[in-house]
1. With label points built 7 Å along Cα→Cβ from the Cα atoms of residue 129 and residue 63, find their separation and express it in nm.
2. Out of 232, 217, 46, any idea which swings most in a Gaussian network model of the chain, alpha carbons joined below 10 Å?
3. Any chance you could run the full-extension gain for residue 42 through residue 226? It's 0.36 nm times the residue separation minus the Cα-Cα distance, nm to one decimal.
4. Would you please report the Å³ per residue occupied by the convex hull of the alpha carbon atoms in region 175-232?
5. Report, as a whole number in µm² per second, the diffusion coefficient that Stokes-Einstein gives for the chain at 10 °C and 1.306 mPa s using the Kirkwood radius over alpha carbon pairs.
6. I need to check one value: relative contact order of region 175-232, counting alpha carbon pairs closer than 8 Å and at least 6 residues apart, in percent.
7. For the chain, what does the relative contact order come out to in percent, with C-alpha contacts under 8 Å and a separation of six or more?
8. Enumerate the residues in region 229-262 having an amide nitrogen under 11 Å from the point lying 7 Å beyond the Cα of residue 146 toward its Cβ.
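Where a number appears in this text, it was derived from the coordinates with a stated rule and is not lab data. Keep in mind the model is a prediction, meaning the values are calculated, not measured. Counting neighbours? That spans all protein chains shown, and the Cβs are built from the backbone with ideal geometry, glycine included.
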């Protein structure tokens, strides 16, 4: 009998946040602001963070004085992000949406009831040319697995970016997924929580599968959870084509240290600007 699994990043959301997996997104947000400053590009007034997760990058941008909007598919992740930003005293708009469904149009009015945006999943409408920076961190764009998905997202981002606006995102590469050779990888081993991944990669389809399994202790009992995540290794040529097709000019490729990315870098950070 086939067993249906819950949507990803729902049951796992509190575990993801508790073990600090969002720290990479926060580091990327700091890096993005530094990259702009080093090139004498004005700090972005408005930032759109796609696949914002539990809000770590959003908090960095808000602390820097940016007006930020966060988009994610997971209600559980957004609720955690909302709680963090509310506790920090920031007015952040969170929208439940698929990054492939960004649509240009009249921006819907803000509301004090931020949950209203979380409870409904539909194409979300934002004012065109209204963001100075659009980001998507922690290999979230690898979750775009169908042909045309990358083109669709880049086209949506191009519509949202103001003239000379910047898009920054990172991707795991085939070099990284090649290490997913039917192995288990423990990512957290604490007193009350154990998390490990069962990793595999099919080079023919360019699809990588990560089965996340976790055990959490509550008093004298352990609880088990599981989610299966599928990601795609996009080629550099495909990324360049999607950006160019959307009218975005690639201005930099970097590895996770911020150096110019080599051909076999396991992760590549792309920076593109609207023409």
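1. Here the answer is 3.4 nm between the modelled labels.
2. For the chain, modelled as a Gaussian network with Cα springs under 10 Å, the answer is 217.
3. Contour length minus Cα-Cα distance gives 61.9 nm.
4. Per residue, the Cα convex hull of region 175-232 comes to 66 Å³.
5. Answer from the Stokes-Einstein relation: 82 µm²/s.
6. Values: 112 pairs, mean separation 15.5, N = 58.
About 27 percent, as a whole number.
7. Relative CO of the chain lands at 16 percent.
8. No residues fall inside that zone.
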